[in-house]
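These notes concern the structure reproduced below.
Since every read-out is calculated from the coordinates, none of them should be taken as a lab result. Here the structure is a predicted model, which means the values were calculated and not measured. We place every Cβ from the backbone using ideal geometry, glycine too, and count neighbours over all the protein chains shown.
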Amino acid sequence: VRGGVQLGTVGQLHPDVAGSYQVPQATLLFEVDMAQLMAAAQGGREYAPLPKYPAVERDVAMVLGRGATAANAADTIRSAGGALVESVRLFDVYEGLQAEDGQRSLAFSITYRAEDRTLTDAEVNQVHDAVRAAIARELGAVLR
């Protein structure tokens, strides 16, 4: 998909069909709309400059009720972190035996970066503390 236009499709062949053609069951197929692909290639290329200043990554883990979503948590992180939050990535969900009934643990990796300077530890700590406080306050999460 580019600019909202589907350029092609990729999918796995159904095992029954793969068996009929005597090909491996994990066979992938693709179809490309060449006219759309060529039209998309005519457009200008978009480039984003590489960042001038380093990023800082911090993790945050929380225990939430199962009704709270990872999207809610990510939105809260972005909102509380403001312009310094470059990305938020969910990297762990735990709902196993050690979790209390109706609870689950979520862990996020947060990337902080300023466009105009190198962030100090104090700046990152201040923003990260604000993020942690917002998670606890707005989502009722227990931070780990």
Ordered by packing density, taken as the mean number of other Cβ atoms within 10 Å over each peptide's residues, highest first, how do 54-60, 4-10 rank? 54-60, 4-10
With a/c under 1.5 counting as rounded, go ahead and sort the stretch 32-88 into rounded, prolate or oblate using the C-alpha gyration tensor (a ≥ b ≥ c being the square roots of the eigenvalues; past the cut-off, prolate if a/b is larger than b/c, else oblate). oblate
Going 7 Å from the Cα of Q36 in the Cα-to-Cβ direction, what parts of the stretch 1-30 have a backbone nitrogen less than 17 Å from that spot? 1-12, 29-30
For K52 paired with E123, estimate the spin-label separation in nm (one decimal), with each label point 7 Å from Cα along the Cα-to-Cβ line. 1.3 nm
Just the number, please: percent antiparallel of the DSSP beta bridges in the chain, rounded to the nearest 5. 100 percent
So, over other residues within a Cβ distance under 15 Å of A114, counting Lys, Arg +1 and Asp, Glu -1, the net charge is -2
The stretch 21-26 - phi-based ³J(HN,Hα) in whole Hz, Karplus 6.51/-1.76/1.60, Gly and Pro as x: 9, 6, 10, x, 5, 8
Percent of C-alpha pairs per 10 Å bin, the stretch 72-141, short to long: 19, 47, 25, 8, 1
Label point at A26 placed 7 Å out along Cα→Cβ; residues across the stretch 1-20 whose backbone nitrogen lies under 17 Å: 11-16, 18-19
When the dipole is taken about the Cα centre of the stretch 56-143, and only Lys, Arg (+1) and Asp, Glu (-1) are charged at their Cβ, what size is it in debye, to the nearest 20? 120 debye
Length-normalised contact order of the stretch 10-144, Cα under 8 Å, at least 6 apart, in percent, tallies to 29 percent
Give the residues of the stretch 105-144 whose amide nitrogen is closer than 16 Å to a point set 7 Å from the Cα of Y94 in the direction of its Cβ. 105-109, 142-144
Taking the alpha carbon gyration tensor of the stretch 3-144, what are the square roots of 5 times its eigenvalues, largest first, to the nearest whole Å? 39, 28, 12
